[in-house]
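A short worksheet on the structure shown next.
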Amino acid sequence: MPMLPRTRPKRPWMPWVRVALVALLVTGAGYAALELGHRYLGLQKLTIEQVAISGCRGERLAQAQAIADQVCLGKPLFWFDAERLRESLESKRWVKGLLIRRDPPDRLSLVLEERKPLLWLVRPDGVFLVSDDGIVLDRLNQVDLSPIPVVADPKSQQDGPMVQLIRAATSLRNKQKEFYDRLTELRWSDRGPVAFLEGLDAPIYLSRVEPTKNIPNFQMLFLNELSKRPDAAALRYIDLRWDDEIAVGEPADSAPPKAVAQPR
């Protein structure tokens with residue numbers, strides 16, 4: 001009678017069990033070595049004893065510190081829940097980004113990137129800061145009033161016009177900072193963005209395609225001529241949308257300006 005071959009059934013899960021056992025043994029050995037070193041050799045335990053935060057200050061720093069301390073203190077430096085920390089901090093509207101750095105043996109360093117305020121948004125329920133990426137931030141803080149333009153016109157606060165004003169304000173701040181710093185208000189009209197400047201009552205019409213267009217020329221004109229005119233407060237408008245020229249709306253009893261180029 002022939003003998004049947006004696007074979008064992010295949011167990012596809014066996015390699016994974018071996019890997020898990022090896023990983024468990026290595027982890028246990030490492031943990032035991034750390035404990036022995038901490039207890040008998042005076043080595044410091046790799047647990048978070050201090051969280052240092054930079055990139056913000058004041059009330060925001062205190063808020064971030066409280067969150068970080070709650071999530072991180074007493075946790076292993078290389079095994080704490082970094083995703084939970086990131087989600088908790090970035091859930092705050094003023095936090096744009098977070099950099100986490102581990103500094104052994106017991107220090108965690110966090111670098112926060114704040115959203116930059118670009119505009120004040122005046123609404124019936126309060127006054128709010130708006131960041132350069134369109135996020136509505138804090139309410140008005142009497143302690144820290146930022147000298148930035150206000151958007152108070154209700155029609156300008158609708159989604160489409162507001163996006164356009166954010167783009168215009170960002171371009172002005174990045175390319176014509178001196179002009180931006182003197183702005184008191186921005187509005188949106190059928191002609192495009194309209195700016196109001198400190199010390200000048202007349203609205204300034206900006207190009208919707210290139211908001212910084214003709215601003216250097218305007219600054220020279222304002223400094224050399226407009227600011228010295230006795231009737232400067234009666235000017236009806238200043239139009240910077242023209243190619244290489246500026247249209248000035250004279251007072252109502254004067255002749256309107258003549259333009260030779262088409263605005264764009």
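With respect to the numbered conditions (1) at pLDDT 90 or above; (2) assigned to a loop (DSSP other than H, G, I, E, B); (3) over 31 Å from the mean Cα position of the chain (by Cα); (4) not charged (D, E, K, R), which one is the sole condition not fulfilled by Val248?
Only one criterion in (1) at pLDDT 90 or above; (2) assigned to a loop (DSSP other than H, G, I, E, B); (3) over 31 Å from the mean Cα position of the chain (by Cα); (4) not charged (D, E, K, R) is unmet by Val248, namely (2).
Considering segment 69-91 alone, what residues qualify as being more than 14 Å from Asp106 (Cα to Cα) and of a type outside the set (Val, Ile, Thr)? Write out each step before concluding.
As a first pass, look at segment 69-91 and keep what is more than 14 Å from Asp106 (Cα to Cα): 70-71, 81-91.
Within segment 69-91, Gln70, Asp81, Ala82, Glu83, Arg84, Leu85, Arg86, Glu87, Ser88, Leu89, Glu90, Ser91 meet the criteria.
Of all residues in segment 194-235, which are open to solvent by less than 20 Å² (accessible area, probe 1.4 Å), under 29 Å from the mean Cα position of the chain (by Cα) and under 14 Å from Gly249 (Cα atoms)?
Hit for segment 194-235 is Ile204, nothing else.
Name the one entry in Pro211, Pro216 that is over 15 Å from Ser156 (Cα atoms) and touching a strand residue (DSSP E or B) at 6+ places or on another chain (Cβ under 7 Å). Give the steps one after another, and end with the answer.
On the way: Pro216 fails: touching a strand residue (DSSP E or B) at 6+ places or on another chain (Cβ under 7 Å).
Among Pro211, Pro216, only Pro211 is over 15 Å from Ser156 (Cα atoms) and touching a strand residue (DSSP E or B) at 6+ places or on another chain (Cβ under 7 Å).
Restricting attention to strands (runs of 3 or more DSSP E) lying wholly within segment 78-170, give those where 3 or more residues are without any contact (Cβ under 8 Å) to a residue 60 or more places away in the chain and open to solvent by 70 Å² or more (accessible area, probe 1.4 Å). Give the steps one after another, and end with the answer.
Details: elements: 95-103, 107-114, 117-123, 126-131, 136-139.
Hits in segment 78-170: 95-103.
Provide a single number: the residues in segment 59-77 that are assigned to a loop (DSSP other than H, G, I, E, B) and open to solvent by 40 Å² or more (accessible area, probe 1.4 Å).
Pass one, segment 59-77, residues assigned to a loop (DSSP other than H, G, I, E, B): 73-75, 77.
With open to solvent by 40 Å² or more (accessible area, probe 1.4 Å) added as a condition, the list becomes 73-75.
Residues in segment 59-77 being assigned to a loop (DSSP other than H, G, I, E, B) and open to solvent by 40 Å² or more (accessible area, probe 1.4 Å): 3 in total.
Residues are listed down the side, and each one gets a yes or a no for (1) modelled with pLDDT under 95; (2) touching a Phe, Trp or Tyr at 6+ places or on another chain (Cβ under 8 Å); (3) under 26 Å from Arg86 (Cβ atoms):
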residue: Asp103; (1), (2), (3): yes, no, yes
residue: Pro117; (1), (2), (3): yes, no, yes
residue: Gly126; (1), (2), (3): yes, no, no
residue: Ile135; (1), (2), (3): yes, no, yes
residue: Asp138; (1), (2), (3): yes, yes, yes
residue: Ile148; (1), (2), (3): yes, yes, no
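Does segment 50-70 contain at least one residue that is of a type in the set (Gly, Ala, Ser), within 29 Å of Thr184 (Cα to Cα) and modelled with pLDDT under 95?
Taking segment 50-70 as the starting set, the residues that turn out to be of a type in the set (Gly, Ala, Ser) are 52, 54-55, 58, 62, 64, 66, 68.
Going one step further and asking which of them are within 29 Å of Thr184 (Cα to Cα), we end up with 55, 58.
Among the residues that remain, those that are also modelled with pLDDT under 95 are: 55, 58.
Yes, the conditions are met somewhere in segment 50-70.
The values are calculated or read from the model by the stated rules, or taken from the named source; none is laboratory data. Computed from a predicted model, the values in this text were never measured in an experiment. Positions of Cβ are generated from backbone atoms using ideal geometry, with glycine treated the same way; all protein chains shown enter the neighbour counts. Heads up: the accessible areas ignore ligands, DNA and RNA and are worked out on the full protein's heavy atoms, side chains in. Shrake-Rupley method; radii C 1.70, N 1.55, O 1.52, S 1.80 Å.
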